[in-house]
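Coordinate-derived values only; no laboratory data. Everything quoted here is computed from the prediction, not taken from an experiment. Cβ: placed from backbone, ideal geometry, glycine included. Neighbour counts: every protein chain shown.
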Amino acid sequence: MSRIGKQPIPVPKDVKVTIEPERVIVEGKAGKLVQRYEPQYVSVSLADGTLVVSRKGD
């Protein structure tokens, strides 16, 4: 991953993030975004108001 891809993503207080086994759902006042991901390649976590996407393995 690039240096930018390794940075955590800050989530504003008025945005709701739901992490499911194969997709991430982001909802806010501007709308809703559903993004699929492959869990065997990346892991997605939400902690302290930041979303972290990390690669599994090299």
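Here is how the numbers come out for the structure above:
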| read-out | value |
| --- | --- |
| Test: residue 23 is out of contact with any His (no Cβ under 8 Å at 6 or more places or on another chain) and more than 21 Å from residue 3 (Cα to Cα) | yes |
| Wholly enclosed strands (runs of 3 or more DSSP E) of the chain bearing at least 1 residues exposed (fewer than 13 other Cβ atoms within 10 Å of the Cβ) and at positive phi | 31-36 |
| Close pairs (6 angstrom Cβ cut-off, 6 or more residues apart or separate chains): touching a residue at least 40 places away in the same chain (Cβ under 8 Å) in region 1-27, assigned to a loop (DSSP other than H, G, I, E, B) anywhere | 11/49 |
| Region 1-42: number of residues that are hydroxyl-bearing (Ser, Thr, Tyr) and within 13 Å of the chain's Cα centre (by Cα) | 2 |
